[in-house]
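Report on the following structure.
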Amino acid sequence: MTQSLPGQRPAQEQTFAGHGRPPVVVIGAGPYGLSVAAHLRAAGAPVRVFGDVMGSWRHAMATGMYLKSTPDATDLSAPEPGGRLADFRRAQSEPELTELTPIPCDVFVRYGQWFQKRYVGEVEPARVTAVERPADGPGFVVRLDDGKEMAASAVVVATGLNGLAHVPDELRQLAPEGPGPRALVSHTSHHTDLSVYAGRRVAVIGGGQSALESAALLHEAGAEAQVLVRERAVLWGMTPDLARPWTQRVAKPASP
């Protein structure tokens, strides 16, 4: 079923029979996959989207985490006006977010889900396991985790960073059964609830946004966090200057 919001144009559902060509397959249903699929469907192209809508943002982010981007750097790409974060906030009768307002991850997740219902329509939860060239002819063969195969005229890979979490071998030795939320060593993407570390000492290795925000959330949860960084200094995002002229904003956006 294709869902649409009250008073909005429903996303077009494609019927593949009679199109004369296989659909475009979009692998991934995060911000980029949803944006690409929205433009393809608006252009009348047959398209099938596979993935978990905003999955990484829902399952690989700690509760309480914020985006580092400002609202203007957070909009998904819609094929027509009305699909920005500010439009979503107005539709939900929620106050507009400014450059001085940190954006909670859960707000971004709800925005992505709203965008999917309005511009994309059906997203299939099946997992794509392989993409191959056919033995003869153009296009691709896409294989799903249930064993089914389908032809695709083109494939857009928008899987994000999911599955690319890196834990150095030196640290993996401390977790013989593999890093994870219950192991001595874990990656930030393994966690949605950092309150389990309350009262414990935790070393956070890294100086990026994920490390610094995780350390702050650990501190708020009652853990003793120590951040270990190889650089001489930590790069903190500065408070946006609302008075900057547009020429500076284009050359250097406020988002760190």
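The values are calculated or read from the model by the stated rules, or taken from the named source; none is laboratory data. Note that the structure is predicted; figures quoted are calculated from it, not measured. Neighbour counts are summed over all protein chains in view; Cβ atoms, including those assigned to glycine, are modelled from backbone coordinates with ideal geometry. Side chains included, ligands, DNA and RNA excluded: accessible areas come from the protein's heavy atoms. Shrake-Rupley method; radii C 1.70, N 1.55, O 1.52, S 1.80 Å.
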### Task
Could you calculate, for the chain, the ratio of the Cα radius of gyration to the Kirkwood radius, expressed as Rg to Rh?
1.01
## Note on the structure
Shape descriptors of region 28-150 over alpha-carbon atoms, Rg and Dmax in angstrom, are 16.6, 55
### Message
Given bins 10 angstrom wide, list per bin the percent of all Cα-Cα distances in region 190-237, short to long.
### Response
29, 54, 17, 0
### Task
Please build a GNM for the chain, connecting alpha carbons under 10 Å apart, and tell me which residue among 28, 64, 51 fluctuates the most.
64
## Note on the structure
Taking Rh as the Kirkwood radius computed over alpha-carbon pairs of region 46-116 and applying Stokes-Einstein at 20 °C with viscosity 1.002 mPa s, one gets a diffusion coefficient in µm² s⁻¹ of 164 µm²/s
### Max mean-square fluctuation residue, GNM over the chain, Cα-Cα springs under 10 Å, options 237, 121, 55
237
### ³J(HN,Hα), Karplus 6.51/-1.76/1.60, whole Hz, each residue of region 167-178, x for Gly, Pro
10, x, 4, 4, 8, 4, 4, 7, 10, x, 8, x
### Query
Of the residues 109, 157, 36, which exhibits the maximal mean-square fluctuation in a Gaussian network model of the chain defined by a 10 Å Cα contact cut-off?
157
### Query
Just how far, in whole angstrom, is region 55-120 from region 19-50 if you go by their alpha carbon centroids?
20 Å
### Query
What percent does the relative contact order of the chain come to when contacts are Cα pairs within less than 8 Å and at least six residues apart?
21 percent
### Task
Please report, as a whole percent, how much of the solvent-accessible surface of region 97-256 comes from carbon and sulfur atoms (probe radius 1.4 Å).
54 percent
## Note on the structure
Of the residues 109, 137, 196, the Cα lying farthest along the dipole of the chain towards its positive end, which is defined by charges on the beta carbon of Lys, Arg, Asp and Glu, belongs to 137
